[in-house]
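First comes the structure, then the notes that go with it.
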Amino acid sequence: MAAAATGVRFDGADPFLAIRREAQLLVGYRGSPIVGAADEALPPNAPQAGDRAPDARGLVRDIVRFPVRLFELFRTPGHALLLYADSDATAATLDDVADAVRTALGEDLVVHAILADGVDATALVTPALRDAAGDFRAAYAAADGVSFVVRPDGYLGYRGSADVAGIVGYAARVVASARERTPVAG
């Protein structure tokens, strides 16, 4: 606690706040040009583009019933695309969305379908996890057909419908911004 107190003024009555501040867990990027727009219709506690991606426990695969934490899926470098479906009709469209976004963001993109319990995934090629306990839906305030792009730094870059144009538009901004920052050899 002494390390958290040195150089940083904080309320000693709330040491948890000081620890989160020191770990930079209170940093956010809402409104940044390289994240999607905020959705004002969402509840105030719903994570928006630019917020730190929350964890969710209790995700299970159909074959392996051992639960997985969402943060375990973010261990690989690159962006992660999470496609949420709580209906069979939406689940049937997720492979097309995943393919189009992978084309825009590149092969380092990891894609997972997060499905509500009972959604049919038999024809789905995209790796799927079941939100058996509803933790993902609660943590992300997810609704049918909503997608999330998690940046390599663990922040949400995009939150919106699983509309290919919206996600690809976000991806184009990220790629264009990276190209502007990369020096040209010569």
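Taken together, the values in this text are just the output of simple stated rules run on the coordinates, not laboratory data. Bear in mind that the values here come from a model prediction, so they are computed numbers and not experimental data. So basically every Cβ, Gly included, is an ideal-geometry build from the backbone, and we count neighbours across all protein chains shown.
Miscellaneous remarks
- Lys, Arg +1 and Asp, Glu -1 on Cβ, resulting dipole of segment 47-181 about Cα centre, debye, nearest 20: 540
- Burial ordering of Thr93, Thr76, Thr126, fewest other beta-carbon atoms within 10 Å first: Thr76, Thr93, Thr126
- Note: relative contact order over segment 47-181, using C-alpha pairs below 8 Å and six or more positions apart, is 33 percent.
- Karplus-derived 3J(HN,Hα), 6.51/-1.76/1.60, for each residue of segment 154-166, Hz, glycine and proline x: x, 9, 6, x, 8, 9, x, 5, 6, 8, 4, 4, x
- Sorted by Cβ neighbour density within 10 Å, fewest at the top, the residues Arg130, Arg173: Arg173, Arg130
- When His112, His79 are sorted by how many other C-beta atoms sit within 10 angstrom of their C-beta, beginning with the fewest, the order is His112, His79.
- Each DSSP beta bridge with both residues in segment 47-181 is either parallel or antiparallel, and the antiparallel ones are about 55%.
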